[in-house]
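Input: a single structure, listed below in structure tokens.
The values are calculated or read from the model by the stated rules, or taken from the named source; none is laboratory data. Worth saying up front: this structure is predicted, and the values here are computed from it rather than measured. Here Cβ is always computed from backbone atoms with ideal geometry, including for glycine, and neighbour counts include all displayed protein chains. Side chains are part of the model used for accessible areas, which takes the heavy atoms of the whole protein and leaves out ligands, DNA and RNA. Shrake-Rupley method; radii C 1.70, N 1.55, O 1.52, S 1.80 Å.
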Amino acid sequence: MSEPAGAPHPIPGTAVSDLVSFDGGVRRREALMRPDRYRDLMSLPASQPRIVRGGGYSYVAAGFGGGGVVQDARAFNRIVAFDESTGVLECEGATTLGKVFTVAAPRGWYLPVQPGYPDITIGGCIATDAHGKNQLKDGTFRQVVTSLDLYHPRHGVLRLDGQTNGRLLELTCGGLGLTGHMLRARLQLARIPEGRVRIARHRIARFEDTLATLEAHAARADLIYTWHDFTVRGGGFGRGFAHAGRFVPGTADPRPGRAHSVDARTRARYGVQLLNGATTPAFNRAYELWQSLQPAERDTSLFDALFPVARKVIYFELFGRTGFHEYQLLAPHDRFPALARSLREYLDHHRTPVTLASCKLFAGSQRYLRFQGPGLCLALDFPRGDAGTRFAAFLDGLVRDLGARPNVSKDSRLPREIVAACYPEYGAFRDALRAFDPDRLYRSEVSERLGL
Ligand SMILES: Cc1cc2nc3c(=O)[nH]c(=O)nc-3n(C[C@H](O)[C@H](O)[C@H](O)COP(=O)(O)OP(=O)(O)OC[C@H]3O[C@@H](n4cnc5c(N)ncnc54)[C@H](O)[C@@H]3O)c2cc1C
């Protein structure tokens, strides 16, 4: 497209816009519209390919990049109804997690499953079937969705719930926005059990001890995750901490906490890549020291427990314009020893600046392309560059060989063959999408790359 960003695009009602995935890996110049009335979002010709964009916090290009019109849905962000006696909340698709917290928490309710940044939208959580800080106990976002209103030009507005269009509901939860535009969602919130969250820190001497440590503390935890240093060589490889939180009595603070603002574009505001091979070991050591200087148990507000990265977004900015990879994988429990050994051997021989390694326990049964199932979830961040490219390719082979699964909504370069090999229902997902929408109107860079 030769027109500059901001110029009117030949498709009426749209403008030329430069869009980038949160990890900095995919950039596209596309036609973008910002409808603020339902009439406008339904005004595109019925045959016009399109995709909905929520907050734009997807690490991958799930909300753009398909070559059609990008419909920025953020104007549709109202909470329509909230029943304080049952905890059922009805909202528009682009309502943010922060807004739900602001309305629900003072009334004693919260979303037990939510990703860690408050400007992420409900539509984005449903489309990626996001998980929170205790997938083992609370499941994925699918568990909180009771019904949806979905718009598709070929089908009109459909109600999806347990009784009506149940299969389409399953296809839409974790469906990467490819079934249509979620106009409204009804969500089952949970009662806030106690006022405060107490987070206990437990030392992990080496990565191999992670699964046992998580299993030892998970039963009593309302949230649990680990942090590891993958730049340590030898016996201490992957040493770190488990953070196990549980609700405790205390004065509740239902106000939303402070969140520093970042989005996919401003993430690159510093330009240069400050987290790299030279700086990452020192960065990790400093973070480890800072953690070990904190009290072994500390009480925090619910907002800070739910959105732990809200005030640490500078971390993402340190990757600069080049960006980073996030590779998240889910390995069956019995494959964990092989996973740990392979990672240690690879990183002992290939200097790769892994800036974050974090684990959670997962449960549930796998469906379509949802990132779900029993096992250990490991998230890895590392800067883009030659070492990162090689490490990502190594991880592709590792997940395939171990019978593990990569998260399709975390890695913006994940190859189609790996997804097809790791997800038994890859073909079923693609077929179900095509049966519902033979023209495949809703498309993105992700759907094109994965052949969906
Ligand atoms: C700081 C940070 C922390 C994160 N933490 C976690 C975490 O803890 N757990 C986790 O699982 N994920 C996490 N994520 C990933 C994030 O939850 C997902 O990428 C989520 O999809 C982003 O939502 P969004 O509103 O930004 O949507 P976008 O990025 O704009 O879009 C994501 C997908 O949702 C679709 N979509 C959005 N709205 C609608 C709608 N109304 N109708 C139809 N489709 C729609 C889009 O088409 C696209 O496919 C995190 C991301 C960041 C940046």
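Cut-off under 25 Å on the C-alpha distance; same-chain residues fewer than 8 positions from residue 99 excluded. Which lysines are left, in chain and number order?
Output for residue 99: 133, 137, 312, 410.
Loop-only trypsin sites (Lys or Arg not before Pro) in segment 277-347, please: DSSP not H, G, I, E or B, and at most 15 other Cβ atoms within 10 Å.
Details: sites: 285, 298, 311, 312, 321, 335, 341, 344; in loops: 311, 312, 321.
Loop-located and lightly packed - 311, 312, 321.
How much length is gained on full extension from residue 417 to residue 7, taking 0.36 nm per residue of separation minus their Cα-Cα distance? Display every interim value, and only then the final one.
On the way: separation 410, 0.36 × 410 = 147.60 nm, distance 3.78 nm.
My answer for the length gained is 143.8 nm.
Determine, from the Cβ-Cβ distance of residue 247 and residue 103 and an R0 of 25 Å, the FRET efficiency 1/(1 + (r/R0)^6), rounded to the nearest 0.05. Please report the intermediate quantities before stating the final value.
Numbers: r = 20 Å, r/R0 = 0.81.
The value I calculate is 0.80.
Residues in segment 407-441 near a label at residue 154, defined as backbone nitrogen under 20 Å from the 7 Å Cα→Cβ point?
The answer is 426-441.
Quick check: pseudo-label points 7 Å beyond the Cα along Cα→Cβ at residue 48 and residue 390, how many nm apart are they?
4.7 nm
What does the helix-only formula give at 222 nm for the chain: each DSSP H stretch with n ≥ 4 adding -39500 (n - 2.57), the total divided by the residues, and the result rounded to the nearest 500 deg cm²/dmol? Show your work: numbers first, answer last.
On the way: 14 runs with 115 residues, N = 452.
Helices in the chain give a 222 nm mean residue ellipticity of -7000 deg cm²/dmol.
Could you provide, to the nearest whole Å², the per residue accessible area of segment 196-412 with probe 1.4 Å?
Values: 8840 Å² over 217 residues.
Accessible area per residue, segment 196-412: 41 Å².
Could I have the simple spin-label model distance between residue 315 and residue 425, label points 7 Å from Cα toward Cβ, reported in nm to one decimal?
3.0 nm
Kirkwood Rh over Cα pairs of the chain into Stokes-Einstein at 10 °C, 1.306 mPa s: D in µm²/s? List each step's numbers first, then the result.
Numbers: Rh = 22.4 Å.
Using the Kirkwood radius from Cα pairs, D works out to 71 µm²/s.
How many angstrom lie between the C-alpha centres of segment 76-115 and segment 137-189?
If you average the Cα positions of each part, the centres end up 16 Å apart.
Based on the alpha-carbon gyration tensor of segment 79-192, what equivalent-ellipsoid semi-axes (square roots of 5 times the eigenvalues) come out, in whole Å, largest first? Numbers along the way, then the final one.
Details: eigenvalues 96, 45, 33 Å².
After diagonalising the Cα gyration tensor, the semi-axes are 22, 15, 13 Å.
Set the Förster radius R0 to 41 Å, insert the Cβ-Cβ distance between residue 341 and residue 39 as r into 1/(1 + (r/R0)^6), and round the FRET efficiency to 0.05.
Numbers: r = 58 Å, r/R0 = 1.42.
So the FRET efficiency works out to roughly 0.10.
With labels modelled as points extended 7 Å from the Cα through the Cβ direction, what inter-label distance (nm, one decimal) is found for residue 202 paired with residue 278?
Inter-label distance under the simple model: 4.0 nm.
Cα-based Rg (one decimal) and Dmax (whole number) for segment 238-336, in Å?
Rg, Dmax (Cα atoms, Å): 16.7, 45.
Counting only protein heavy atoms and using a 1.4 Å probe, what share of the accessible area of the chain belongs to carbon plus sulfur, as a whole percent?
Numbers: 9060 of 17650 Å².
That share works out to 51 percent.
Based on the Cβ-Cβ distance from residue 263 to residue 366, what FRET efficiency comes out when R0 is 30 Å, to the nearest 0.05? Could the numbers behind the result be given before it?
On the way: r = 31 Å, r/R0 = 1.04.
Step by step, r from the Cβ atoms, then E = 0.45.
If you fit an axis through the alpha-carbon atoms of helix 426-436 and take the longest principal axis of the Cα set of the chain, what angle between them do you get, 0 to 90°, nearest 10?
Long axis of 426-436 versus the principal axis of the chain: about 20 degrees.
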